[in-house]
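The values are calculated or read from the model by the stated rules, or taken from the named source; none is laboratory data. Computed from a prediction, not measured in an experiment: that's the story for all the values here. Here the Cβ is made from the backbone with ideal geometry for all residues, glycine too, and neighbour counts use every protein chain on show. These accessible areas exclude ligands, DNA and RNA; they are computed on the full protein's heavy atoms, side chains included. Shrake-Rupley method; radii C 1.70, N 1.55, O 1.52, S 1.80 Å.
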Amino acid sequence: MSAYPAYIIGGLSIVGGVAGFARRRSVPSLVGGVTVGLLFLYGADAIRKGAPNGLEAACAASALLLLSSLPRATKGPVPATLALLALGAGTYYGRAYFALRSLHK
């Protein structure tokens, strides 16, 4: 599995959080975007290094992003895109996690 999706979504989350704060002075956007982005980046780095908990971190970040984006998904293209990215990343890393887990039983 690749760490690139987590790196990309992590970077986009941080940039989006900062942009939301810069445009609307939205502290929740800043805190949420940076937190989820850093969790994605941590997961990506752990996956790249083969360290433990990388897949779990990427799945957790995907779940947080999805849960925060779904209520706003119908309000515009940005929340809808975030929800789709989170769903895709969660599916990708969730399947990888369960595949690895089934190999180690």
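May I ask you to list the residues in region 1-38 that are surrounded by fewer than 18 Cβ atoms within 10 Å (Cβ to Cβ), within 15 Å of Y92 (Cβ to Cβ) and hydrophobic (A, V, I, L, M, F, W, C)?
M1, I8
Tell me, please, whether a residue that is in a helix (DSSP H, G or I), closer than 22 Å to P77 by Cβ, out of contact with any Pro (no Cβ under 6 Å at 6 or more places or on another chain) and among the polar types (S, T, N, Q) can be found in region 26-38.
Within region 26-38 (the criterion being in a helix (DSSP H, G or I), closer than 22 Å to P77 by Cβ, out of contact with any Pro (no Cβ under 6 Å at 6 or more places or on another chain) and among the polar types (S, T, N, Q)), the answer is yes, since at least one residue qualifies.
When only residues in region 39-57 that are part of a helix (DSSP H, G or I) and open to solvent by 40 Å² or more (accessible area, probe 1.4 Å) count, which is farthest from M1 (Cα to Cα)?
Out of the qualifying residues, it is L39.
Condition check: under 18 Å from S29 (Cβ atoms), modelled with pLDDT of 95 or more, open to solvent by 30 Å² or more (accessible area, probe 1.4 Å) and assigned to a helix (DSSP H, G or I). Does L64 satisfy that?
For L64, the condition - under 18 Å from S29 (Cβ atoms), modelled with pLDDT of 95 or more, open to solvent by 30 Å² or more (accessible area, probe 1.4 Å) and assigned to a helix (DSSP H, G or I) - is met.
Quick one: which residue in A73, A80, A96 is touching a residue at least 60 places away in the same chain (Cβ under 8 Å) and either more than 11 Å from the chain's Cα centre (by Cα) or farther than 18 Å from L12 by Cα (or both)?
A96
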